[in-house]
């Protein structure tokens with residue numbers, strides 16, 4: 001009888017019920033909230049459902065030594081997490097982005113690149129603020145990149161500069177990507193006048209096939225020579241775009257924007273969610289990171305809009321840019337461009353801004369990768 005009781009006690013000690021804390025329950029509830037937002041509000045469901053479910057998996061209370069947790073060497077989750085820790089997944093995401101993206105709007109109107117560059121101001125504003133709050137320079141750089149609204153870049157940079165903070169940084173970056181339709185519109189309305197919102201831009205010129213093929217090659221040479229440390233992201237971004245535009249590698253391009261993106265999205269979302277174990281995630285630093293991420297995203301959006309207003313002072317009538325596309329300078333492709341389109345249509349049902357907004361939007365992707373390369377080069 002004593003043996004049976006001892007066996008039952010041992011069994012109980014191995015269950016989650018015996019090891020659960022209120023922190024585990026809180027993180028599981030946050031995961032359920034992420035899943036609910038994805039299903040009910042349809043906010044980035046392809047990201048929030050894997051991350052939310054990963055949070056639940058990562059916060060199942062475990063008896064020490066079972067070798068199944070994400071931070072336990074050799075476990076299945078730990079092996080999958082290597083793609084995040086070592087920075088394998090983010091370049092693959094950039095390969096997919098390149099294979100899915102049409103850079104025509106940027107090629108036809110190169111000055112839109114400046115809007116994407118201006119929006120990166122949020123990254124360096126958050127970096128400076130993080131330093132003032134006492135973060136180490138490397139951690140401040142990793143936190144600042146949240147302002148680019150680019151989850152893969154945030155993971156890539158934080159895995160190298162601040163691996164201990166990577167879970168909070170990644171979840172923060174993806175959360176604000178999902179909240180683009182909520183955060184950006186009030187800022188855009190606040191910083192623009194009704195007259196500015198009604199500006200109609202010239203239709204973009206037709207871009208030749210040769211220009212589309214040359215662009216990824218020239219783009220890679222220019223950016224990689226300036227910021228070699230950003231090569232893993234920039235190289236695969238432009239390579240993916242060449243696969244799309246060359247016309248002779250259709251199978252490879254379709255694989256990249258089909259099965260590959262689905263597999264990598266599942267792996268990166270699930271493992272990032274699992275990494276938010278209560279004992280590592282529920283800290284003061286995590287709260288500060290979410291606050292700094294929100295600030296950097298707001299600053300990035302505002303900087304893009306204000307830069308367009310400034311640029312319009314130098315442009316002739318008829319060539320002016322609608323400031324509503326300034327928000328698209330962050331690299332949340334194509335969500336921020338869709339926000340520009342929807343807000344523009346609210347004030348004029350015939351004023352379609354989507355194709356114009358895609359210019360600064362794809363420029364923001366390049367800009368965030370360049371900014372990550374700059375920070376990595378200076379801080380690593």
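Any read-out appearing in this document is the output of simple, stated calculations on the displayed coordinates, not a laboratory observation. Source: prediction; values computed, not measured. Don't worry about glycine lacking a Cβ; one is built from the backbone with ideal geometry, like all the others, and counts go over all protein chains shown.
Highest-first packing order for the peptide set 60-67, 339-346, 155-162 is 155-162, 339-346, 60-67, based on the mean count of other beta carbon atoms within 10 Å. Here each label is just a point 7 Å from Cα along the line to Cβ, and for residue 36 and residue 202 those points are 5.1 nm apart.
For the stretch 319-380, would you read off the P(r) tail past 17 Å as a percentage of all alpha carbon pairs? Within the stretch 319-380, distances greater than 17 Å cover 42 percent of Cα pairs. Size estimate for the stretch 217-264 follows the Kirkwood approach: the inverse of mean 1/r over distinct Cα pairs works out to 11.5 Å. What the pair-distance distribution of the chain shows, using all Cα-Cα distances binned every 20 Å from zero, is 29, 54, 14, 3, 0 percent. Average projection, convex hull of the Cα set of the stretch 227-380: 13.1 square nanometres. With a Förster radius of 51 Å applied to the C-beta separation of residue 164 and residue 352, the computed FRET efficiency comes to 0.65. Binning the alpha carbon pair distances of the stretch 1-110 at 10 angstrom intervals from zero yields the distribution 12, 25, 29, 18, 9, 4, 2, 1, 0, expressed in whole percent. The slack in the chain from residue 248 to residue 190, taken as 0.36 nm per residue of separation less the alpha-carbon distance, amounts to 16.2 nm.
Going 7 Å from the Cα of residue 310 along its beta-carbon direction, which residues of the stretch 96-136 have the amide nitrogen within less than 13 Å of the resulting point? Correct set: 114-122.
Legend: Rg and Dmax of the stretch 223-310, from Cα coordinates, 18.8, 52 Å. If R0 equals 22 Å, the separation of the Cβ atoms of residue 231 and residue 211 corresponds to a calculated FRET efficiency of about 0.40. Full extension of the chain segment joining residue 319 with residue 67 gains 84.5 nm, where the gain is 0.36 nm per residue of separation less the Cα-Cα distance.
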